[in-house]
């Protein structure tokens, strides 16, 4: 993957998966942050010189599976809490309606006996 401009201001710096440095020539606007295949034609003490042999490909960044799992667990927990709260509110509303009905019935019964 091409990550930066080299100190010589001509070459681009890329790294292998094991972070070995490879210098390549190319347009920084087209290659920066992209993945390319190269053929190494020379090695130096601290780097390799390479020639690009493929079209630049965008790098796909996958979301961390642990983070995805934690987000899903948190979402599931929140949904359960909302369901319990909803059930609790439903029971309270039903209880309030039953109480109001009982009071209404008691008042109307009292009035009819007067």
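For every residue, the table says whether it meets (1) modelled with pLDDT under 75; (2) in contact with a helix residue (DSSP H, G or I) (Cβ under 7 Å, 6 or more places away or on another chain); (3) under 30 Å from residue 25 (Cα atoms); (4) exposed (fewer than 10 other Cβ atoms within 10 Å of the Cβ).
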position	(1), (2), (3), (4)
58	no, no, yes, yes
62	yes, no, yes, yes
65	yes, no, no, yes
68	no, no, no, no
76	no, no, no, no
79	no, no, no, no
85	yes, no, no, no
102	yes, no, no, no
105	yes, no, no, no
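Examine the range 52-71 for a residue that is within 17 Å of residue 3 (Cα to Cα), in a loop (DSSP other than H, G, I, E, B) and in contact with a strand residue (DSSP E or B) (Cβ under 7 Å, 6 or more places away or on another chain), and state whether such a residue exists. Among the residues of the range 52-71, at least one is within 17 Å of residue 3 (Cα to Cα), in a loop (DSSP other than H, G, I, E, B) and in contact with a strand residue (DSSP E or B) (Cβ under 7 Å, 6 or more places away or on another chain), which makes the answer yes. Whether a residue is at positive phi and either without any contact (Cβ under 8 Å) to a residue 24 or more places away in the chain or exposed (fewer than 10 other Cβ atoms within 10 Å of the Cβ) (or both) was assessed, and residue 9 passes this test.
The values are calculated or read from the model by the stated rules, or taken from the named source; none is laboratory data. Predicted model only: the values in this text are computed from it and were never measured. Heads up, the Cβs are rebuilt from the backbone with ideal geometry, glycines too, and the neighbour counts pull from every protein chain shown.
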